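What follows is a single structure, written as structure tokens, with notes after it.
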């Protein structure tokens, strides 16, 4: 008997996370509407969901802080994931194609991620020191934009261990992210301690802007995304093994969901899903209302930034909207 296939995301604490989750859902619908994959959204703010989104998904209602704050809710996926095979996708991601091949690649893993192994270096702490402390040879290193689990006893053990380790986060020597424990290193350690393995990161499932800083080409309506790590680019990541990624899921982490191409792509998705515009009309309007004015505005800022800094000085850094107190 085939197990159900599920996508789940979490949007708690602030409306901006619900807004991003709505964008994720719309991108999923565009490419996976008839796939048989069910979409679940766990949130404490269901009132902010647009009608075109709420009518398609299944909402898991949460109480405020029920699963913790910051990144902690991702350590409770075993509690909220439905029966079957579940792919968690962060709310600040967009989907660029059918996700059925992703489930095929993860099949048989109880808990998994897309990543590689690291035995030393820095990743929210000293990897080698953590490995020595727990008598393990290495840690899976990955981006927590997606997690896969086949809900059952083995997955429950991994997540229980991750939650146990969270209580010892600082003691272990992990470094906090935005003042909170980072789910990635906790899940990495829990997975290694329970012999759960990543699938190799070949740039075809997930990509983000930590390792690909040389630019992106994106057309969500055509299902194409390319992220670059160009050796000639000043931000080339020499320790990353890929120079190009063509992923099905792009993680617009940090401030990248405030920039092009994300802002233009989600506007297209809104026009199509909520406003029922044609793809060609949505593309044109998105260009006129988002891409063109943003591009012109950026050019003007670049031209006058030196003058502004001389006359006004540098602006203070605003606290991130993503931080939940």
Self-check item: Cα-projected label distance for residue 51 with residue 16, points at 7 Å along beta-carbon direction, nm
Solution: 2.8
Quiz prompt | Calculated FRET value between residue 34 and residue 284, using beta carbons and R₀ = 25 Å, to 0.05 | solution = 0.40
Exercise. State the antiparallel share, in %, of DSSP beta bridges confined to the stretch 5-200, rounding to the nearest 5.
Key: 45
Quiz item: Hey, in the GNM for the chain with a 10 angstrom Cα cutoff, which one of 54, 231, 98 fluctuates hardest?
Solution: 231
Exercise. Please work out how much length the chain gains when fully extended from residue 164 to residue 59, using 0.36 nm per residue of separation minus the C-alpha to C-alpha distance, in nm with one decimal.
Key: 35.0 nm
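Which of rounded, prolate, oblate describes the stretch 223-306, given a ≥ b ≥ c as roots of the alpha-carbon gyration tensor eigenvalues and a/c under 1.5 marking rounded, otherwise prolate only if a/b is larger than b/c?
Cα axes put the stretch 223-306 in the oblate bin.
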Quiz item: On the first, second and third principal axes, largest extent first, how far apart are the outermost C-alpha atoms of the chain in Å?
Solution: 55, 51, 37
Quiz item: Could you give the nm distance between label points at residue 119 and residue 259, where each point is 7 Å from its Cα heading toward the beta carbon?
Solution: 3.5
Practice problem: Enter the Cα centre distance for the pair the stretch 1-27 and the stretch 113-162, rounded to the nearest angstrom. | Solution: 23
Practice problem: Would you give the gap between the C-alpha center of the stretch 165-208 and the C-alpha center of the stretch 62-110, rounded to a whole Å? | Solution: 15
Quiz item: What is the gain in length, in nm to one decimal, between residue 79 and residue 222 on full extension, counting 0.36 nm per residue of separation less the C-alpha to C-alpha distance?
Solution: 47.9 nm
Quiz item: Nearest-5 percent of antiparallel DSSP beta bridges in the stretch 142-276?
Solution: 80
Self-check item: Cβ-Cβ FRET estimate between residue 242 and residue 302, R0 fixed at 25 Å, reported to 0.05
Solution: 0.30
Quiz item: Once every DSSP H run of n ≥ 4 in the chain is given -39500 (n - 2.57) and the sum is divided by its residues, what mean residue ellipticity at 222 nm do you get, rounded to the nearest 500 deg cm²/dmol?
Solution: -10000 deg cm²/dmol
Quiz item: What is the order of 208, 226, fewest Cβ neighbours within 10 Å to most?
Solution: 226, 208
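Bear in mind these aren't lab numbers, they're just calculated from the coordinates by the rules spelled out. Everything numeric here is computed off the predicted structure, so don't read it as measured data. All Cβ positions, even for glycine, are placed from backbone atoms using ideal geometry, and neighbour counts span all protein chains on display.
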